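Right, one structure below, let's go through it.
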Amino acid sequence: MPSHSPVPLRHDWTRAEADALIALPFSDLIFRAQTVHRAHFDANEVQMSTLLSIKTGGCPEDCGYCSQSTHFETGLKATKLMETGEVVAAARRAIEGGASRFCMGAAWRSPKDRDMDAG
């Protein structure tokens with residue numbers, strides 16, 4: 001179980017502090033992350049999450065790391081936005097399968113009004 005620790009959670013990082021973290025050797029960064037994590041969470045508990053791509057491919061952005069961009073030949077076939085009912089059904093299956101978090105990803109910069117279900 002987590003113990004009360006002098007390791008505070010922070011949300012006020014400066015650019016210089018973030019740069020210093022990124023510059024750490026990888027093993028040191030992992031150790032520091034584990035130290036903070038263990039101070040606030042059970043080290044042996046795993047959160048089960050499900051990720052669903054609700055709109056795959058055809059993204060106009062040029063992110064070099066992403067296979068969903070139209071700027072790269074990845075062989076990924078673009079799909080339309082999933083219907084709300086399909087997404088809800090997938091979320092229910094995820095919960096039934098033990099997930100405590102359901103994440104949705106979409107290949108776009110931002111949704112268009114026509115893509116937003118008001119109901």
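Give me the dipole magnitude in Debye, nearest 20, for the chain about the Cα centre, with unit charges on the beta carbon: positive for Lys and Arg, negative for Asp and Glu.
For the chain, the charge dipole is close to 160 debye.
For segment 6-45 and segment 68-83, what is the separation of their Cα centres, given in Å?
A separation of 35 Å, based on Cα centres.
So if I restrict to the alpha-carbon atoms in segment 49-115, what is the Rg, and what is Dmax, the biggest pairwise distance, in Å?
13.3, 37
Sort 21-30, 69-78 by packing, meaning the average of other beta carbons within 10 Å per residue, with the highest value first. Please report the intermediate quantities before stating the final value.
Working: 21-30: 10.0, 69-78: 12.1.
Those peptides, ordered most packed to least, come out 69-78, 21-30.
With a point put 7 Å past each Cα toward its Cβ, work out how far Ser27 is from Glu86 in nm, to one decimal.
If labels sit at Ser27 and Glu86, their model points lie 4.7 nm apart.
Taking 0.36 nm per residue of separation and subtracting the Cα-Cα distance, what length does fully extending Thr70 through Lys112 add?
13.3 nm
May I have the pair-distance distribution P(r) for the chain, computed from all Cα-Cα distances with 5 Å bins from 0 and rounded to whole percent?
Result returned by the calculation: 2, 9, 12, 12, 12, 15, 15, 14, 7, 2, 0.
Show me 41-49, 60-68 ranked by packing, highest mean number of other Cβ atoms within 10 Å first. Spell out each step's value before the answer.
On the way: 41-49: 9.2, 60-68: 11.3.
My ranking of the peptides, most packed first, is 60-68, 41-49.
Between Val46 and Arg10, 0.36 nm times their residue separation minus their Cα-Cα distance comes to what?
10.8 nm
Select from the chain the helices, each a whole stretch of DSSP H, whose alpha-carbon atoms run 15 Å or more along the helix axis and whose Kyte-Doolittle mean is at least -0.5; answer none if there are none.
Answer set is 26-40, 84-96.
Given a cut-off of under 8 Å on Cα pairs at least six residues apart, what relative contact order in percent is computed for segment 49-115?
47 percent
Every read-out reported here was derived from the displayed coordinates using simple, explicitly stated rules and does not represent laboratory data. Just so it is clear, the structure is predicted and the values come from calculations on it, not from any experiment. For neighbour counting, all protein chains shown are included, and Cβ atoms are generated from backbone atoms with ideal geometry for every residue, glycine included.
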